[in-house]
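Okay, structure first, notes after.
Readers should treat all values here as calculations from the given coordinates under stated rules, not as data from a laboratory. Just so we're clear, the structure is a prediction, and the values are computed from it rather than from any experiment. Cβ atoms come from the backbone with ideal geometry, glycine included; neighbour counts cover every protein chain shown.
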């Protein structure tokens, strides 16, 4: 069982052996949603996804809207029901488990969502928001409150933020709060669902640096969902490309973004413009040469 | 669209049926000894039993309901326990009065609310504050109190309208107008207060949407954008509120008819309620529910016509 | 009722609520009036000078006098005492109804909204059924069966108004069920009951308090109405019954109607006013002011700036443009601060900046469509030699569409959901160019083909929700170019789209520019987009242009430090992260 990850992913090297079994492992995962209308067939969103994340590793999941990338993250978090296939965390099945078991998993798996405006309850003080995961895991209220200040330090926010409401903060600051909340109980895996997509360019960079620094310090693993290959490339050890519910390509970030095998990956890569007019012109020509011939 | 209307009509019919079962069961709960009530305490028990049996009260509830339903689908709602009048006939005599009252109220409410609401929503500023103030006052006072005030001011003090009485339109059209105007206005005030607020806030909401800016950026005149696009978007929630207000107005009509002495269903209800004349009460409840269901159906169809997305759900 | 208590008990979570309540005259006055009435009525047995039912027929209709401050009623009873005692039944009856409605509606609404599923279906159906019943008719029917029992009738009334709580709570909760913070709470391991208590109740609390005040007013009205009809509580003194007696004698003593009418009106009005004041106090979530609101952009004061000769040659010329949002206190927030821009025919100018830089405001001012509250303080905007600043609605209408056109950011929300794509395209064609219906349709099909939509016939007949985002953006571009404008203002036209679609849309813009010689003002935050399509670029920061030049020069040799910061943040040249190594090796 613990060799599956190595077999499928492009292993980091033969010397690592089998000691590092995956922390998270999805196998042939299917998820479907009810179709629109009464008798519409169910819509298949994920069609047999197999993916693993090892301890301390960042796996990027890239795709366009409707590819199912966010759904995969939500399935791992238990927010959408799994139709078939398995999700294993640290050797234990976690797909379709009881509410109680799922609640206990909150200690190990945390989340940072895309939209920093709706991922924080607008009527709760930052301090209460940050204490929430601790309280959920049974930490007494007083101790939970006491730990909040240290959390704010870790994401470089002022301590007096505790007594303020989310609306008093900018998008980037709110995302720091969301990250601090995810860190509150030292999880082993954080599912990051487009955590920097709603941010300005410069803010995006600082939040990414924060995520990297946290990983280096705590050894937490990230499942990093994004539509932006350049963000994923900078943050991930390994990248999987999702198209219409299926993984079309998977590999080391460096190799996949330099020399992709699959035409869809190539297309994604060439479609994203770079901020250099000369290079961009070359890429545009290359893209037109490769794709405009066969697509109307 | 037709399928949508039929589906809605079907669910409306189910609603009427379920309410008829509920109403029939609840109204039969206290098991009234009608024979004793009618014949007085001195009458011998056999006579009382005989009378009750004649009204069918000795049979099980389900059988009584089945009989009632079988007759009701043929428009026969039974007879009054006390006067033996045909319920259908009494309702048919009074329904036109109530329906014309409700029709007038709905028309006045819809027109006035949309004019005020759009005006306030588009103009904002002082106009808006005035419309909102009127809304709060209309909403704040119980509707029958407004009715009483209007009677005192317009009928008793100013003498513009008769305070009491009803002239059928067949007898005199102007007479009918003078007797129905005050009741219609009295019932419309609270409804206008509610609906115009909704129109106003939906107009403001739709005006703030992106597509309105884009339409204006195409060079379309602002009034055209308001009347063709904004109003259409704002109409859906406003119509829903109007349909809800209609149910409330139907209840308000009971009091208004009583105050003005209009020979409608409301006045009839009050009269029969105090006596506990179940067949008549049952008839009134069913007719009211039927009217509400028909109005809701019309609103649903109108909303679906205005809003293509609503047809899907 | 208990609205004020509830509000203050919940104070820790929203410390400002109590203070805001105290600062609102409407709230304080209505609460005071309500409080006085409740206290007077509650103390009725102590302060009423007479027994409410002691009649002295000989003194009927006597005017006010010592000991009888409001006079005597048609049966010779003391009006003041009856008023005080009558309020007890009116208010207590309404309280019962509200309590029942809360108890029935709120838990059901919470469960239905949060869990959904069969309970939701069933409860929704049941409450819809209740809503189809006219309350007054049902109350009368109940009265027919149950006899004159005021309390039972009030319980029934409570059940009849419960749907208003149910629907309110259910829709609020159902809307927030999709909120990310609720998902997050689930991931943290919060149980459903805890989520209800922590997140859901906080959100529905304010609407419930407001609705309670409204329903209380409604219950008082209905209860008094029942009493007025004489089918309520029998002999008890109530405001409704007093009104009834007074109304029968209205010709003899109209003043008798005043007191119970005033009591009823004051109570009811105080409740509604309190509800509206509470709405302002409790629902203040600090929504961003003014932005997002549309726009009857007002002409600024003063004469329109004159148009210089050089501005006539440029297609778009912006000179010293300052846009501000005035506050109520007289100060103003400047969002754009004296900027200069120029777009020539056949040229794409990129306007680059981060959120809050004022780039979108600049775009709107070119269209003369600043959001409500915003105004051009200084400067001039000329399009094709015509002044936009201070121009009348008629001039602007003529320019929009045919001289300057607009492509928005979010394709879906910019199409009216009630109209087909065909309607969207033909309306300006018919209105502005005066084409016939058939001709406009032909032209619309042509336009759709020009924006590379292959099945134009089908798209023309589709409603916005039936097409994809990329398709909708093509439709919007087709609409923008339909009346052959000289200048296109495109506000982040590809931000909401996938990269592959973005590349196609950018190619489309490029070809439109080449084929039609259009000038484009392209607002974007994406330097890659600038590199792809723009000829020149202006970098905007906090309402000022910090750098301005050819796209190639600015992107390859930036002069302003801010531009350099922006370019440094671009990830194009960031090395990929290396392969994963187990942690032990890393720390060794």
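A few points about this structure:
- Each listed q (0.08 Å⁻¹) maps to a log10 I(q)/I(0) for the protein assembly as shown from the Debye sum over equal C-alpha point scatterers, namely -1.04.
- With the helix formula -39500 (n - 2.57) applied to DSSP H stretches of n ≥ 4, chain C reaches a computed 222 nm mean residue ellipticity of -17000 deg cm²/dmol.
- Backbone N atoms of region B:252-268 closer than 13 Å to the 7 Å Cα→Cβ label point of residue B:95 belong to residues B:265.
- Max mean-square fluctuation residue, GNM over chain A, Cα-Cα springs under 10 Å, options A:283, A:238, A:255: A:283
- Translational diffusion of chain C was estimated from the Stokes-Einstein equation, with Rh taken as the Kirkwood radius over Cα pairs; at 20 °C and 1.002 mPa s the coefficient is 72 µm²/s.
- Summarised as an ellipsoid, region B:263-307 has semi-axes of 32, 9, 5 Å, derived from the eigenvalues of the Cα gyration tensor scaled by 5 and square-rooted, with the largest first.
- Helix B:125-140 vs. chain B, principal-axis angle (Cα, 0 to 90°, nearest 10): 10 degrees
- log₁₀ of I(q)/I(0) at q = 0.12, 0.21 Å⁻¹ - region A:121-186, Debye sum with one point per alpha carbon: -0.24, -0.75
- Region B:2-72 pair-distance distribution - Cα-Cα, 10 Å bins, rounded %: 18, 34, 24, 13, 7, 3, 0
- Relative intensity, log₁₀ I(q)/I(0), of region C:439-541 from a Debye sum that treats every alpha carbon as a point, q = 0.13, 0.16, 0.18 Å⁻¹: -0.47, -0.71, -0.88
- Pair residue B:37, residue C:149: separation of 7 Å Cα→Cβ label points (nm): 1.6 nm
- Region C:38-195 - convex hull of alpha carbons, volume per residue in Å³: 164 Å³
- In region B:95-218, the inverse of the mean reciprocal separation of distinct Cα atoms equals 16.2 Å; this is its Kirkwood hydrodynamic radius.
- Overall form of region B:100-312 per C-alpha gyration tensor (a/c, 1.5; a/b vs b/c): prolate
- Percent antiparallel among DSSP beta bridges (both partners in chain C, rounded to 5): 60 percent
- Built from the Cα atoms of region B:112-162, the convex hull projects on average onto 4.3 nm², one quarter of its surface area.
- P(r) histogram, all alpha-carbon pairs of region C:2-283 included - 10 Å bins from 0, percent: 7, 25, 29, 22, 12, 5, 2, 0
- FRET efficiency for the residue C:327 to residue C:394 pair, using the beta carbon distance and R₀ = 30 Å, is estimated at 0.45.
- Restricting the calculation to Cα atoms, chain A yields a radius of gyration followed by a Dmax of 20.0, 65 Å.
- FRET efficiency for residue B:271 and residue C:252, using Cβ-Cβ distance with R0 set to 25 Å, rounded to 0.05: 0.50
- Compactness ratio for region B:1-40: Cα radius of gyration over 2.2 N^0.38 Å (N = residue count) comes to 2.00.
- Just so you know, the Rg over Rh for region A:75-160 is 1.03, from Cα atoms, with Rh as the Kirkwood radius.
- Structure remark: mean-square fluctuation, Gaussian network model of chain B, C-alpha springs under 10 Å; the largest value among B:94, B:275, B:232 belongs to B:275.
- Largest to smallest principal axis extent of the C-alpha atoms in region A:184-296, angstrom: 52, 31, 23
- Among B:256, B:156, B:112, the largest mean-square fluctuation in a Gaussian network model of chain B, built with springs joining Cα atoms closer than 10 Å, belongs to B:156.
- For region C:309-569, projected area of the alpha-carbon convex hull averaged over all directions, nm²: 14.6 nm²
- Value at 222 nm in deg cm²/dmol, rounded to 500, when DSSP H runs of n ≥ 4 in chain B each add -39,500 (n - 2.57): -25000 deg cm²/dmol
- Pair residue B:9, residue C:75: separation of 7 Å Cα→Cβ label points (nm): 5.3 nm
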